[in-house]
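Before any comments, here is the structure.
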């Protein structure tokens, strides 16, 4: 065994995400019902771990909002499960919140093929992450968020290092304890510690769930802070399929009390833009006036209605 191999072995063996869980030591001898109860019991720990990280998630959101308002982007970099979670979170923002494609984007070690089939070895080199950052034309306007349950994934580390060197703000989501993180490496680290997995090292389980919760919080809260939500309804969604067309009508009906046909009519006059339709109805103004009010209110419907 070479010195590098020994070093890697020791590094992986020391990770808390690679330890054995004492609560599942005999899980292979349990019944189906018992296995499910063990998994469920461990999963209950995840939101509590995320709760401990709320102050850091808040800091990250403020960084993201500032960047997006100033023409920057939020870019996720991850490998395996972590990479897929980033790609999924990013891909859901345009239809949900009407964000331009590319404003929030996800990159996974091994490229698009890795979303569907593991590209073994793609995550093992820092230069792969650094090269993807360069290909994404990252600048000091952007925010780069590394996602790695272990914190050590070379692809992710390389991406974050290169982004930091280019002047971008850097975030990191990991499921190893904060004390294992050199905080000077990034602007904000979010470290929900969920403990060892039910199946040793299977970080697609509790660790993946924790990362998913954090990413949901980052983008959803940022979008709310940018006027993409009215009351508790998504009002900047894109009517790109039949479901979203009908959801748009329902939002207008729910928020204003108009009928189905009236909602459809207002949306047609508003060019399919839910925000504009809401301001038209709530403030009793034309589509043109509603658009002007929204522009003046920086996209916030509540402020636009108040005039």
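The values are calculated or read from the model by the stated rules, or taken from the named source; none is laboratory data. Because the structure is predicted, anything quoted here is derived from the model rather than measured. Virtual Cβ from ideal backbone geometry, glycine too; neighbours counted across all protein chains shown.
Hey, among 114, 159, 90, which residue is at pLDDT below 90 and either farther than 23 Å from residue 56 by Cα or buried (at least 20 other Cβ atoms within 10 Å of the Cβ) (or both)?
Of the residues listed, the single one that is at pLDDT below 90 and either farther than 23 Å from residue 56 by Cα or buried (at least 20 other Cβ atoms within 10 Å of the Cβ) (or both) is 114.
Quickly run through segment 178-235 and pick out the residues that are free of Cβ contacts under 8 Å to residues at least 12 places away in the same chain and either part of a loop (DSSP other than H, G, I, E, B) or touching a strand residue (DSSP E or B) at 6+ places or on another chain (Cβ under 7 Å) (or both).
182, 183, 202, 232
Run down 142, 124, 132 and say which single residue is over 18 Å from the mean Cα position of the chain (by Cα) and crowded, with 20+ Cβ neighbours inside 10 Å.
132
How many residues, within segment 62-109, are farther than 18 Å from residue 137 by Cα and not in a helix (DSSP H, G or I)?
The qualifying residues number 3.
So how many residues does segment 132-177 have that are over 21 Å from residue 213 (Cα atoms), touching a helix residue (DSSP H, G or I) at 6+ places or on another chain (Cβ under 6 Å) and in a loop (DSSP other than H, G, I, E, B)?
So the answer is 1.
What is the number of the single condition among (1) part of a loop (DSSP other than H, G, I, E, B); (2) under 19 Å from residue 244 (Cα atoms) that residue 298 does not meet?
That leaves (2) as the condition not met.
If I filter segment 34-46 for residues that are under 16 Å from residue 203 (Cα atoms), at pLDDT below 90 and loosely packed, with under 11 Cβ neighbours inside 10 Å, do I get at least one hit?
Taking every residue of segment 34-46 in turn, none turns out to be under 16 Å from residue 203 (Cα atoms), at pLDDT below 90 and loosely packed, with under 11 Cβ neighbours inside 10 Å.
So that you can scan it fast, the table gives a plain yes or no per residue for (1) over 30 Å from residue 171 (Cα atoms); (2) surrounded by 14 or more Cβ atoms within 10 Å (Cβ to Cβ):
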site: 223; (1), (2): no, yes
site: 230; (1), (2): no, yes
site: 239; (1), (2): yes, yes
site: 249; (1), (2): yes, yes
site: 284; (1), (2): yes, no
site: 287; (1), (2): yes, yes
site: 295; (1), (2): yes, no
site: 303; (1), (2): yes, yes
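Residue by residue, here is whether (1) at positive phi; (2) within 29 Å of the chain's Cα centre (by Cα); (3) surrounded by 21 or more Cβ atoms within 10 Å (Cβ to Cβ) holds:
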position: 268; (1), (2), (3): no, no, no
position: 275; (1), (2), (3): no, yes, yes
position: 290; (1), (2), (3): no, no, yes
position: 299; (1), (2), (3): yes, yes, no
